[in-house]
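Since the structure comes first, as structure tokens, the remarks are kept for the end.
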Amino acid sequence: MRSRILLFLFACITTSYLKAGDSIPDVSAEELSAHVSFLASDKLKGRAAGTQENIIAAGYIAAQFALYHLQPLPSGNYYDTIPQFSGDLYPSCNVIGVLPGKSRPEEHLLISAHFDHVPEKNGQVYNGANDNASGVAAMLALLRCFAEQGGAERTIVFCAFNMEERGLVGSTHFADVSYAEKRVAVINLEMLGIPQKRKAQFFMTGTRFSDLAALLRKGLAGTGVSLAKEKGDLFMRSDNYPFYLQGTPAHTLMAATDFSRCYHRPCDDIGNLDLKNMALIVNAIFKAFRPLAAGTETPVLTKKN
Ligand SMILES: [Zn+2]
């Protein structure tokens, strides 16, 4: 009898634990708005690499990493310094935080987004709300979701890359210093705030290079969000690419392409973003990537470089 009671208690505890672990933390438009409002505010002047405002943006991201107790780099902080460009007032850093895997810590999943944008031109500030405060906001929301679930089975490395706009400089640097042999996949997030044609969809760049699209499509079932046909040829244009060159399945998820009306123009402001739609997409991405985070799915390259 006693053992039955114990068994019953154990079952209750296990069930409630599983329930807590299985529930999907909901990403809201408000949460995304808070991140984008800060990063794409006029005060941050477009967060161009080599400026003081770029460092403030890096500090904001690092504070979020600290809030969720991400592990720092071996240097003891979240800043991965990139060799300074001549003419820059300040050195630039990627911001990197690690959520250690529970049972497969040696297998790294990278979730990334670049946080730099472009400098002022003719006295006009380019806020880069969609490119790419939106991607950073999505990454931070995913970080919260995974952290609140107590982490994943695989290690997740959250990477806010710098100097993307100067030619993928930050990601190229980090691809060299992070552990290529541990990387399972790289998921890069770009321009998720403006729906291209239809709402509730996004697309993946470089579909033909790995089987990740198939895994994604499976994971999106029941979310109300679908994977659209790839648009443009953007696979080599964002921070996923340096990782692909080293043999890791690495792709960018986007809603809008560079054909968007405000792409690299001063009108790329938060007012033009559809944050409700973006929240729907981020929640769906979280659900779709849970099998990857859990280690039950592993993407493989289909086209080797
Ligand atoms: Zn971008």
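Every number here is computed from the coordinates shown, using simple stated rules; none is lab data. All values reported here derive from a predicted model rather than from experimental measurement. In this analysis, Cβ positions are derived from the backbone assuming ideal geometry, glycine residues included, and neighbour counts consider all displayed protein chains.
Helix-only estimate, please: 222 nm mean residue ellipticity of the chain, summing -39500 (n - 2.57) across DSSP H runs of length 4 or more and dividing by its residues, to the nearest 500.
After summing the helix terms and dividing by residue count, I get -11000 deg cm²/dmol.
What angle do you read, to the nearest 10 degrees and between 0 and 90, between the alpha-carbon axis of helix 135-148 and the longest principal axis of the chain?
The helix 135-148 is inclined about 20 degrees to the chain.
In degrees from 0 to 90, rounded to the nearest 10, what is the angle of the helix 29-39 Cα long axis to the longest principal axis of the chain?
Here the helix axis deviates by roughly 40 degrees.
Taking chymotrypsin sites (Phe, Trp or Tyr not before Pro) as candidate sites, keep only those in a DSSP loop with at most 15 other Cβ atoms within 10 Å, then name the longest stretch of the chain containing none of them.
86-178
Stokes-Einstein diffusion coefficient for the chain at 25 °C in a medium of 0.890 mPa s, Rh from the Kirkwood formula over Cα pairs: what value in µm²/s?
So the translational diffusion coefficient is about 126 µm²/s.
Output the Kirkwood hydrodynamic radius of the range 61-201, Cα pairs only, in Å rounded to one decimal.
15.9
For the chain, which span is the longest to avoid every loop-located (per DSSP) member of trypsin sites (Lys or Arg not before Pro) having at most 13 other Cβ atoms inside 10 Å?
So the longest stretch without any such site is 1-196.
Using only the alpha-carbon atoms, how far is helix 275-294 inclined from the longest principal axis of the chain? Give it as 0 to 90 degrees, nearest 10.
50
Taking the Cα of K218, stepping 7 Å toward and past its beta carbon, and measuring to each backbone N in the range 272-305: which are under 16 Å?
The answer is 287-302.
Can you grab the distance from the C-alpha centre of the range 71-93 to the C-alpha centre of the range 241-260, Å, no decimals?
A separation of 23 Å, based on Cα centres.
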